[in-house]
Structure formats: C-alpha cells, structure tokens
Amino acid sequence: MVQARCPVLGFAAYSGTGKTTLLVQLLPRLRAAGLRIGMIKHAHHKFDVDVPGKDSYELRKAGASQMLVASSRRWALMTDLDAEREPVLQEMLDRLDQAALDLVLVEGFKHEAFPKIELHRPATGSPLIHPEDPAVIAVASDAPLALPPGLPLLDLNDVDGIAQFVQAFCARGGQAT
C-alpha cells in the first residue's frame, strides 16, 4: 500500500468507462464540502502541457531537464525523464505538498495497491477489476451487480452519493470501513 499523510483514493476502470467525466463532476462537490484535494492522473502516452512557441516550452526543448514556471497565481514544474518506465504512484504522491491537502484522488494506476473505487459499465464488455484487486473498496456501476458481501455497490450516475462515500472515506482517515 502507498504511504501518504492524507487519505488517497483511486478511481480505476478500463478506458471509456467515464473516470474523468465522473471526477469533473465529483471534484466541485468535494470542494464545496470543504475538502482540499490533490489529483494525480496517469497518462499512458507521451504528453505535453507546455505549448510550442511559449518561452517555457522552448527553454525545456532546448535542453532544460526541469522547467519551473511561476506566477502570482500558480506554478508548474515540468520534468523530462530519461527512463522509459511507467510512473510509480508513491513517487508521484511524494511530490505533492500533502500538508496542504485533505485528500488525494487518483485516476488510473489500477495495478498498484491503494484504496480505489472501481467504475464498471457492463455495456463496455470489460471485465470487473475487484476479483483480482483486493484494494477495491467499492464498485460504482450503471447496472445491478452481484458483489461479494461487504463490497458496496454505488450508483455510477449518482454523483452526490459517490461524493458522500468519498467524504466518509476521508473522515475515516482513508480506511475502507
């Protein structure tokens, strides 16, 4: 299991299930409940948040292995890695200022051991994750499912209900039940 100063909760599902869509709806509700939230998202492809033509992009592409851009409202650090390996969740968690957070939500990293909610839409034809992952603490689905005793079934279309589940998880200090 990952080690963190605040609760960490993942949202795991196969592509096309709606992880980002749910999180975009969930985050404002959790923020309105007073939670300070950090977010880690796994990207499977090369990505760039810099824009070609901007000074920070040009400086990084010219050879800076780390580029920090700062303003009065935000700062961002881009780090180019030499190794071609997938990121490790613990390493990403260690980069967050966890003292300023009440909760870290994670999209992806489904093969790592940390508490997560599985999102499942039977219509996608994807298999369930929880039978192979003991770290799944609930399943959110858009259809009825037969789950093992003690594994809560959440309505994937009830964002308020999922928000309440996440708030209770956070109030328990990141404990499943």
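The values are calculated or read from the model by the stated rules, or taken from the named source; none is laboratory data. All figures in this text were calculated on a predicted structure; none of them were measured in a lab. In this analysis, Cβ positions are derived from the backbone assuming ideal geometry, glycine residues included, and neighbour counts consider all displayed protein chains.
Annotations for the structure displayed:
- Each residue in the range 141-154 was checked for being out of contact with any Pro (no Cβ under 9 Å at 6 or more places or on another chain) and under 14 Å from residue 11 (Cα atoms), and 1 pass.
- In the range 142-172, residue surrounded by the most Cβ atoms within 10 Å (Cβ to Cβ) [restricted to those that are within 24 Å of residue 127 (Cβ to Cβ) and either under 18 Å from the mean Cα position of the chain (by Cα) or in contact (Cβ under 8 Å) with a residue 24 or more places away in the chain (or both)]: 162
- Neighbours by Cβ (under 7 Å, 6+ apart or cross-chain): first from the range 11-29, within 21 Å of residue 113 (Cα to Cα); second part of a helix (DSSP H, G or I) and not charged (D, E, K, R): 11/22; 11/23; 14/124; 17/124
- All positions within the range 48-66 that are small (Gly, Ala, Ser) and more than 15 Å from residue 76 (Cα to Cα): 53, 62, 63
- For the range 115-145, a residue qualifies if it is of a type in the set (Gly, Ala, Ser) and outside any strand (DSSP E or B), and the qualifying residues are 123, 125, 126, 135, 143.
- Any hit, the range 115-130, residues being within 17 Å of residue 37 (Cβ to Cβ), charged (D, E, K, R) and either free of Cβ contacts under 8 Å to residues at least 60 places away in the same chain or in the same structural domain as residue 28 (by TED's automatic domain parsing) (or both): yes
- Listed here are the helices (runs of 4 or more DSSP H) enclosed by the range 1-110 that have at least 1 residues being under 26 Å from residue 130 (Cβ atoms) and at pLDDT below 95: 19-32, 89-95.
- Filtered residue count, the range 1-41, keeping only those that are surrounded by 18 or more Cβ atoms within 10 Å (Cβ to Cβ) and of a type in the set (S, T, N, Q): 1
- Some residue of the range 42-54 being on the phi > 0 side of the Ramachandran plot, surrounded by fewer than 17 Cβ atoms within 10 Å (Cβ to Cβ) and outside the structural domain of residue 166 (by TED's automatic domain parsing): yes
- Members of the range 127-141 that are surrounded by 15 or more Cβ atoms within 10 Å (Cβ to Cβ) and either under 18 Å from residue 109 (Cβ atoms) or acidic (Asp, Glu) (or both): 128, 129, 130, 133, 135, 136, 137, 138, 139, 140
- Test for residue 138: is it small (Gly, Ala, Ser) and under 22 Å from residue 29 (Cα atoms): yes
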